[in-house]
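First the structure, in the form of structure tokens, and then the observations on it.
The values are calculated or read from the model by the stated rules, or taken from the named source; none is laboratory data. Computed from a predicted structure; not experimentally measured. All Cβ positions, glycine included, derive from the backbone under ideal geometry; neighbour counts span all protein chains shown. Calculation scope for accessible area: heavy atoms of the full protein, side chains included, ligands and nucleic acids excluded. Shrake-Rupley method; radii C 1.70, N 1.55, O 1.52, S 1.80 Å.
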Number of protein chains: 2
Amino acid sequence: MKQKKFLLPESEIPTHYFNIQAVMPNKPMPFLHPATRQPLKPEDLYPIFCKECADQELNQKDAWIPIPEEVRQQYASYRCTPLVRAYELEKALGTPAHIYFKNESVSPAGSHKLNSALAQAYYAKEQGVTNLTTETGAGQWGGALSYATKKFGIDCAVYMVKVSYEQKPYRRSIMQTFGAAITPSPSMSTRAGKDILTRNPNDRGSLGCAISEAIELAVSTPNCKYALGSVLNHVCMHQTVIGLEAEKQMELAGEYPDIVIACFGGGSNFSGIAFPFMRHNILDGKKTRFIAAEPYSCPKLTRGKFEYDFGDEAGMTPLLPMFTLGHSFKPASIHAGGLRYHGAGVILSQLMKDGYMEAVDIEQMDSFKAGVLFAQTEGIIPAPESCHAIAATITEALKCKETGEAKTILFNLSGHGFVDMGAYDSYFSGEMQNYHVSDEDLARFIKSADDLNK
Amino acid sequence: MKQKKFLLPESEIPTHYFNIQAVMPNKPMPFLHPATRQPLKPEDLYPIFCKECADQELNQKDAWIPIPEEVRQQYASYRCTPLVRAYELEKALGTPAHIYFKNESVSPAGSHKLNSALAQAYYAKEQGVTNLTTETGAGQWGGALSYATKKFGIDCAVYMVKVSYEQKPYRRSIMQTFGAAITPSPSMSTRAGKDILTRNPNDRGSLGCAISEAIELAVSTPNCKYALGSVLNHVCMHQTVIGLEAEKQMELAGEYPDIVIACFGGGSNFSGIAFPFMRHNILDGKKTRFIAAEPYSCPKLTRGKFEYDFGDEAGMTPLLPMFTLGHSFKPASIHAGGLRYHGAGVILSQLMKDGYMEAVDIEQMDSFKAGVLFAQTEGIIPAPESCHAIAATITEALKCKETGEAKTILFNLSGHGFVDMGAYDSYFSGEMQNYHVSDEDLARFIKSADDLNK
């Protein structure tokens with residue numbers, strides 16, 4: 001019998017997060033205070049984030065950050081996650097490539113997001129914080145933080161992008177089951193939300209806007225902090241448990257990846273699977289390719305611009321050096337809600353700039369076509385976000401078919417699609433469409449960032 | 001760190017199914033031909049079922065039936081499933097009991113049903129069958145058979161109980177993703193469906209009716225057989241991979257269950273977790289208690305009658321000796337669609353009669369209360385069916401709290417509830433209700449079985 005899954009016992013759950021900042025040849029440029037344009041220090045972030053997260057955010061020295069035992073114990077509910085050889089997908093494609101995927105869909109919240117949610121909720125509890133606020137797009141981060149806060153006895157308020165709130169009612173129910181309070185964004189409960197709704201009462205929301213609302217609630221509420229599910233350095237770092245496990249599991253499989261692929265919204269699941277392998281490119285001369293799969297309709301890496309921009313729509317965050325479509329960018333209502341974000345994480349942007357990674361854009365319909373093939377071959381219905389990684393994987397595997405090369409491809413299955421069946425319905429019924437963004441619109445959106453760099 | 005999960009490698013996937021019929025002190029009474037009242041032989045079942053399944057159905061001799069390697073290879077996508085210690089549930093209850101659960105929710109279809117679906121689809125393929133028909137209640141069996149038939153290149157037609165078809169649109173989409181054709185039942189596509197709709201155009205369906213429709217399609221279509229997801233002996237036997245793995249995993253945990261619990265519709269997931277342990281009660285003098293948790297509104301074991309009855313509403317099946325509420329029983333529209341069936345499997349009914357197992361009934365609201373506590377503590381949102389097992393487990397764990405006994409309780413988490421969030425919504429919103437069945441109504445329904453035993 002061919003070995004299908006490569007498993008690790010709980011004792012192999014990583015003991016440290018890998019902080020790629022410490023080994024990057026070019027360190028990320030500093031975060032800037034929007035008014036003074038001075039580089040931020042960790043204490044500048046304390047009003048918004050938990051202290052430990054703020055310290056981790058700007059830590060460029062320590063390559064390995066210990067994972068608290070309480071967090072590892074919570075990870076044990078679902079980690080180590082399986083590494084799976086996609087034999088049946090290979091067969092369906094007729095490719096000589098060896099395709100592996102790391103199955104992060106097995107977490108309680110159904111995606112990789114819990115890896116950072118548990119860490120952030122734990123640090124909050126340790127600091128005496130009683131409330132966390134956050135935003136959520138697809139609802140995967142919101143579900144994860146709802147569960148994580150419940151585990152550590154903290155209250156949780158979630159601003160959910162309105163289009164997702166409507167498209168994904170089951171995600172709402174999941175957050176409710178885990179005990180969180182959920183508000184569709186933009187809402188009238190914050191100044192940021194009011195401003196947007198006043199300009200356009202029919203605004204269906206974006207991650208950028210929901211972030212503004214969650215931050216506003218955090219800074220205006222005693223003993224309350226904000227938790228972000230992607231983009232930031234500490235979030236990406238928490239996700240490295242994925243790649244650290246995968247590294248050991250690829251060893252069990254007797255292979256090393258030629259290509260590592262993940263979908264890309266703000267960069268958290270990509271960082272998680274990629275950074276531990278990327279360190280061997282940086283330090284040991286390995287030549288693995290790292291491919292970020294982003295939506296055609298939200299092309300920050302393939303068509304965005306590297307410059308300082310706000311992380312949110314209302315301009316409440318520090319200025320971040322990143323590939324951006326402009327903080328005023330209005331992403332199309334694609335079903336992959338978790339990828340509807342205007343910017344790429346700071347570390348990722350620097351790595352992209354320095355040629356350590358590449359990016360491809362995927363049409364919505366192609367992503368679902370890939371997702372259905374994956375479901376029918378490997379049995380897991382993927383989240384719409386993860387469908388992008390699968391589509392990019394299939395492209396690479398078919399290139400191998402042409403060249404006859406038996407490359408080893410590893411992708412991250414960031415989450416399952418059980419709660420996204422409405423999106424699949426839309427695909428099967430022929431109602432789904434592709435969304436493009438014209439050069440003119442793009443230039444107009446990017447100008448909102450350009451204006452900050454003058 | 002406390003060990004949370006007890007894992008087995010793929011090499012430990014069972015090589016044989018356990019056929020409890022071979023070791024039962026009192027063998028099940030024979031199936032009877034409805035017209036002649038003569039005991040059935042396997043060949044009498046060949047028009048409906050695959051030959052191998054029919055042979056297994058009436059096999060009372062062989063305790064161990066080899067599992068085909070192709071089936072084991074498919075099991076490797078998700079098996080061995082984890083055995084998990086529910087530390088956090090124990091803590092929330094303040095019980096000295098040790099609670100374990102077998103997590104069958106990790107299968108591609110989200111429940112234990114795939115264990116039999118893969119076997120049945122394989123046997124069909126081997127026999128040259130090109131089409132399988134079936135019924136589904138909650139949609140878990142339909143989803144499982146859709147996936148299994150896709151794996152083995154067979155077409156699949158599913159009759160889905162109308163109330164579930166409406167309550168669980170995501171289940172439909174899952175079956176569609178796996179390539180099956182789905183019809184709400186009762187339908188006008190069969191004589192059985194037409195008869196029911198003529199009597200009551202608003203009939204919202206039942207498993208009994210959907211079975212009638214699926215059998216009718218199978219016997220009237222060339223090269224087409226029928227596959228059932230529960231009740232029958234061979235189906236229950238395929239599920240024993242659950243308990244066989246759990247037995248090894250409990251050994252890893254250094255414990256042996258005092259109590260084994262599962263929810264109960266027709267009996268398949270109960271059989272799966274229970275029979276391997278029950279053989280030690282029968283053969284080795286172990287004293288484990290086996291508790292079936294059934295819905296208060298569908299109380300076949302607690303208030304049904306042991307006698308011959310049809311397995312379906314229209315009376316197309318053989319006469320089966322079982323605990324039944326009468327084949328005319330109309331189950332209430334509870335969310336646990338998989339438990340809405342009038343009878344208990346033949347083997348299970350005999351074991352119940354002989355005192356090897358016991359049963360409890362659970363109110364719908366209590367089942368969801370238990371499910372939410374489980375989600376908030378153990379992180380897995382359980383299927384409405386599985387909530388019944390959790391409620392029964394909590395009852396036993398709280399008894400331990402009163403007596404101070406540290407009993408070892410093992411329950412089967414038959415499936416997850418990601419696709420049932422509408423049911424949770426109904427619970428949270430206060431719209432959900434309990435359903436009772438009066439003694440008078442029950443007597444009237446059971447009369448439909450009594451009339452067959454005169």
Problem set entry | Count - residues of the range B:1-37 that are modelled with pLDDT of 95 or more, more than 14 Å from every other protein chain (Cβ to nearest Cβ) and either touching a strand residue (DSSP E or B) at 6+ places or on another chain (Cβ under 7 Å) or under 23 Å from B:Val129 (Cβ atoms) (or both) | 9
For this session: Would you check which residues across the range B:39-85 are more than 14 Å from chain A (Cβ to nearest Cβ), among the hydrophobic types (A, V, I, L, M, F, W, C) and touching a strand residue (DSSP E or B) at 6+ places or on another chain (Cβ under 8 Å) and list them?
Result: B:Leu40, B:Ile48, B:Phe49, B:Cys50, B:Ala63, B:Trp64, B:Ile65
Exercise. Restricted to the range A:392-412, and to residues that are hydrophobic (A, V, I, L, M, F, W, C) and open to solvent by 10 Å² or more (accessible area, probe 1.4 Å), which residue is nearest to A:Ser333 (Cα to Cα)?
Worked result: A:Ile394
Exercise. Charged (D, E, K, R), within 14 Å of chain B (Cβ to nearest Cβ) and closer than 22 Å to A:Gln239 by Cβ, is that true of A:Glu88?
Worked result: no
For this session: Identify all residues within the range B:7-28 that are in contact with a Pro (Cβ under 7 Å, 6 or more places away or on another chain) and buried (at least 17 other Cβ atoms within 10 Å of the Cβ); write none if there are none.
Result: B:Leu7, B:Phe18, B:Gln21, B:Pro28
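Please go through the range A:288-340 and pick out each residue that is charged (D, E, K, R) and over 19 Å from A:Ile215 (Cα atoms).
Within the range A:288-340, the first condition is being charged (D, E, K, R), and the residues that meet it are A:289, A:294, A:300, A:303, A:305, A:307, A:309, A:312-313, A:330, A:340.
The answer is A:Arg289, A:Glu294, A:Lys300, A:Arg303, A:Lys305, A:Glu307, A:Lys330.
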Exercise. Hey, does the range B:170-184 have a residue that's among the hydroxyl-bearing types (Ser, Thr, Tyr), more than 14 Å from chain A (Cβ to nearest Cβ) and buried (at least 24 other Cβ atoms within 10 Å of the Cβ)?
Worked result: no
Exercise. Got a number for residues in the range A:387-408 being over 18 Å from A:Glu358 (Cβ atoms) and within 14 Å of chain B (Cβ to nearest Cβ)?
Worked result: 1
Seminar exercise, completed: Picked from the range B:413-432 (must be touching a helix residue (DSSP H, G or I) at 6+ places or on another chain (Cβ under 7 Å) and over 21 Å from B:Ser173 (Cα atoms)), the residue nearest to the other protein chains (Cβ to nearest Cβ) is B:Phe428
Problem set entry | A:Pro201 in contact with a strand residue (DSSP E or B) (Cβ under 9 Å, 6 or more places away or on another chain) and on the phi < 0 side of the Ramachandran plot | no
For this session: Looking only at the range A:185-195, count how many residues are open to solvent by 10 Å² or more (accessible area, probe 1.4 Å) and among the aliphatic types (A, V, I, L, M).
Result: 1
Seminar exercise, completed: Residue pairs within 9 Å by beta carbon, gap of at least six or interchain, first lying in the range A:53-70 and farther than 20 Å from A:Leu244 by Cβ, second open to solvent by 80 Å² or more (accessible area, probe 1.4 Å), listed first then second, are A:Ala54/A:Glu43; A:Leu58/A:Lys41
For this session: Within the range B:413-433, track down each residue that is in contact with a Ser or Thr (Cβ under 8 Å, 6 or more places away or on another chain) and either farther than 30 Å from B:His98 by Cα or surrounded by 17 or more Cβ atoms within 10 Å (Cβ to Cβ) (or both).
Result: B:Leu413, B:Ser414, B:Gly415, B:His416, B:Gly417, B:Met421, B:Gly422, B:Tyr424, B:Asp425, B:Met432
Exercise. Restricting attention to the range B:205-216, does a residue exist that is more than 24 Å from A:Met421 (Cα to Cα), away from chain A (no Cβ under 14 Å), in contact (Cβ under 8 Å) with a residue 24 or more places away in the chain and surrounded by fewer than 24 Cβ atoms within 10 Å (Cβ to Cβ)?
Worked result: yes
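Sort through B:Ala117, B:Ala138, B:Ala124, B:Ala148 and tell me the only one that's under 24 Å from B:Gly267 (Cβ atoms), over 20 Å from the mean Cα position of the chain (by Cα) and either surrounded by 24 or more Cβ atoms within 10 Å (Cβ to Cβ) or away from chain A (no Cβ under 14 Å) (or both). Walk me through how you get there before you give the answer.
Numbers: B:Ala117 fails: over 20 Å from the mean Cα position of the chain (by Cα); B:Ala138 fails: over 20 Å from the mean Cα position of the chain (by Cα); B:Ala148 fails: over 20 Å from the mean Cα position of the chain (by Cα).
Criteria check complete, one pass: B:Ala124.
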Problem set entry | Matching residues in the range B:364-386 - criterion: being among the aliphatic types (A, V, I, L, M) and more than 9 Å from chain A (Cβ to nearest Cβ) | B:Met365, B:Ala370, B:Leu373, B:Ala383
